[in-house]
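**Student:** Pasting a structure below so you can have a look.
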Amino acid sequence: LRRISTNAFIAVFLGLILIDALPSTSLFHDRLKAAVDPILDKTGLWQESWQLFAPKVDRMNVRMSATFSHADGSETEWRSPSWPELSILQRFLRFREMEFIDAVRNDANRGAWPGFSRYLASHHGMTPGGLPSKVVLQRHWVTIPEPVPGDRQKRLWPLPMQGSYVLYEREDRAN
């Protein structure tokens, strides 16, 4: 009985992953994906769309930063990791963190910015004087240039960030 239940669990697990990971091929497949989506969300197995490869290649490197202003007038800063600067092992180990950063920076997820800024303040902005009095979240991006046929030159990384703007600003007036 134990062997049968283990094999059934593995079969169901692989089936769920296949349903979610394979590109949608029919209305039936879309309905299956919709049915298993809540299970995958709750277990953390949901697979986002993979834009590393064709037909829609990801052409933008994105980072976030937070500037913490403290009551004594000092400032500290947090920056999300730069993907091109990470080793292969670091990329593997921090993939979910990078996906989270990429998702939280989107305007569609602006509801997460206040909570994310509070998290960053308590985990990265603390000083002996306590929590920062002001947090400014920013997103930064650089567009990756298209490859030129025959160009085998090594690209310098990181490319300078082309754009930046404030996502969210919170000031604690009690301090």
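**Student:** Name the residue farthest towards the positive end of the dipole of the range 1-155 from the options 81, 123, 12, assuming +1 on Cβ of Lys and Arg, -1 on Cβ of Asp and Glu, about the Cα centre.
**Tutor:** Farthest towards the positive pole: 12.
**Student:** Then there's this: For labels at residue 2 and residue 31 in the simple 7 Å Cα→Cβ model, what's the distance in nm?
**Tutor:** Using points 7 Å along Cα→Cβ, the separation is 4.0 nm.
**Student:** Here is a follow-up. Tell me, what is the FRET efficiency for residue 169 and residue 86 to the nearest 0.05, using R0 = 22 angstrom and their Cβ-Cβ distance as r?
**Tutor:** Using R0 = 22 Å, I get an efficiency of 0.20.
**Student:** Please give the net charge around residue 39, taking every other residue with its beta carbon less than 13 angstrom from that of residue 39, where Lys and Arg add +1 and Asp and Glu add -1.
**Tutor:** -1
**Student:** Let me know the shape class of the range 71-138, please: from the alpha-carbon gyration tensor, a ≥ b ≥ c as square roots of the eigenvalues, rounded when a/c is under 1.5, otherwise prolate if a/b is greater than b/c, or oblate.
**Tutor:** The shape class here is oblate.
Values in this text are rule-based calculations from the coordinates and carry no lab data. In this text the structure is predicted, and so the values were computed from the model without any measurement. Note that each Cβ is placed from the backbone with ideal geometry, even for glycine, and that neighbours are counted across all protein chains shown.
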